[in-house]
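Encoded as structure tokens, here's the structure I'll be asking about.
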Amino acid sequence: MDKGDKNALITGATSGIGKAIALDLAQRRLNVFIVARDEGKAGTTAKEIEEKTGNRPAYFIGDLECQRRIPDLAQRIKEKMQRLDILILNAGAVFKNRAVTAEGIERSMAVNHFAPIHLTGELLPLLQESRPCRVINVSAGAHWLSPVDLEDFNFELDFSGVKAYARSKMAAIMGFYEFTSQYPGNEIQFLSLHPGVVGTSFSENNGKLYSFFMSVLRPIMRSPASGAAPVVHLALSAALTGKSGLYFNRFKEKRSHTLTYSKAARQKVWDLTWQKIKEITE
Ligand SMILES: NC(=O)c1ccc[n+]([C@@H]2O[C@H](COP(=O)([O-])OP(=O)(O)OC[C@H]3O[C@@H](n4cnc5c(N)ncnc54)[C@H](OP(=O)(O)O)[C@@H]3O)[C@@H](O)[C@H]2O)c1
């Protein structure tokens with residue numbers, strides 16, 4: 001298939017790594033689609049990418065914190081996109097204080113775990129029709145910092161922003177491994193990665209002090225383009241054809257945290273996640 005015939009959908013492409021991925025794929029002449037929560041930012045991003053590449057991304061508006069709205073977002077995607085060759089779940093955030101969404105899910109869990117698993121689940125019919133295709137979970141090396149607590153999945157008993165971020169990222173990796181076992185044959189490839197430590201707008205929602213630290217650290221961090229490079233590699237590399245259920249630290253295949261390989265723990269994460277999604281959406 002020609003690259004121009006390939007469709008790629010990227011969440012969280014209005015900033016940082018996601019925007020750099022969209023730009024890179026647009027430069028390579030793929031048909032780029034983005035998911036953004038803010039119409040103004042989506043329009044500005046599409047315009048900027050068009051000016052730089054001559055290839056204008058289309059966009060879908062959706063707040064990924066809200067699980068009730070994800071089926072409708074997926075429906076709009078399915079209606080507009082004939083096929084989906086590359087799905088990149090990149091949108092993510094860290095929250096220093098515990099807060100829950102209107103649906104009662106702790107916010108890091110909602111954006112970093114529930115949203116990528118739920119959206120992927122809703123898009124599976126389109127992915128099935130588009131085989132061979134790839135689904136990429138932009139995870140984080142920080143998932144090593146705190147293993148998922150199956151007895152306190154929503155941080156009712158114990159919360160810290162770092163724990164919530166780490167566990168939400170670990171839960172999504174476990175969900176991706178579970179998708180791999182449910183869709184054997186690897187015609188839909190499920191891959192997770194840590195993109196590196198990248199100077200972006202990450203954590204700027206956490207107040208002036210965090211923004212200040214980010215501004216000080218940004219010059220010694222990777223550029224968004226460097227963070228995007230391994231994601232684009234996972235999306236396009238012919239060498240990865242037929243591989244699924246893997247975790248990468250940038251370009252290198254690595255083991256993720258030991259708990260992510262526990263079948264029992266994965267099953268529990270899967271059940272807790274889809275039970276909650278069903279409660280919200282049915
Ligand atoms: N930066 C790093 O060092 C690093 C390291 C490891 C992993 N990561 C992961 O890389 C991914 C991208 O992060 P980044 O560093 O590029 O951060 P960023 O610059 O803050 O970008 C995050 C993107 O996610 C979007 N987003 C956040 N919450 C959303 C929601 N509820 N609904 C829809 N979109 C939402 C943001 O949209 P708005 O523009 O509307 O805010 C933005 O486009 C994240 O998953 C992050 O966990 C980053």
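For region 141-282, what class follows from the C-alpha gyration tensor (a ≥ b ≥ c being the square roots of its eigenvalues): rounded when a/c is under 1.5, otherwise prolate if a/b is larger than b/c, else oblate?
oblate
What's the exposure ranking of LYS276, LYS169, going from fewest to most Cβ atoms within 10 Å?
The order, fewest Cβ neighbours first, is LYS276, LYS169.
So what is the calculated 222 nm ellipticity per residue for the chain, using -39500 (n - 2.57) for each DSSP H run with n of 4 or more, over all residues, to the nearest 500 deg cm²/dmol?
-13500 deg cm²/dmol
While we're here: Which of the lysines could a cross-linker bridge to LYS52, judged by Cα under 29 Å and excluding same-chain residues fewer than eight apart?
LYS3, LYS6, LYS19, LYS41, LYS78, LYS80
Test of understanding: in a Gaussian network model of the chain with alpha carbons linked when under 10 Å, which of LEU217, LEU25, LEU73 would top the mean-square fluctuation ranking?
Sorting by GNM fluctuation, first place goes to LEU217.
Would you mind checking which residues have amide H under 5 Å from ASN249's amide H? H placed 1.01 Å from N; only 5 or more apart, or other chain.
HIS194, LYS254
Shifting gears a bit: Above 36 Å lies some portion of the pair distances; for the chain, what is it as a whole percent of all C-alpha pairs?
Tail fraction, whole percent: 8.
Using a simple charge model, +1 on the beta-carbon of Lys and Arg, -1 on the beta-carbon of Asp and Glu, nothing else, what dipole does region 3-281 show about its Cα centre, in debye to the nearest 20?
760
Exposure proxy check: LYS6, LYS41, LYS52, LYS208 ranked by fewest other beta carbons within 10 Å?
LYS208, LYS52, LYS41, LYS6
Of the residues LEU89, LEU209, LEU64, which exhibits the maximal mean-square fluctuation in a Gaussian network model of the chain defined by a 10 Å Cα contact cut-off?
Top of the fluctuation ranking is LEU209.
Among PRO125, PRO224, PRO195, which one shows the biggest mean-square fluctuation in a GNM of the chain, springs joining Cα atoms closer than 10 Å?
Checking each option, the largest mean-square fluctuation is seen for PRO125.
Computed from the coordinates by the stated procedures, all read-outs in this text should not be read as laboratory data. All values derive from a computational prediction rather than experimental measurement. Cβ atoms come from the backbone with ideal geometry, glycine included; neighbour counts cover every protein chain shown.
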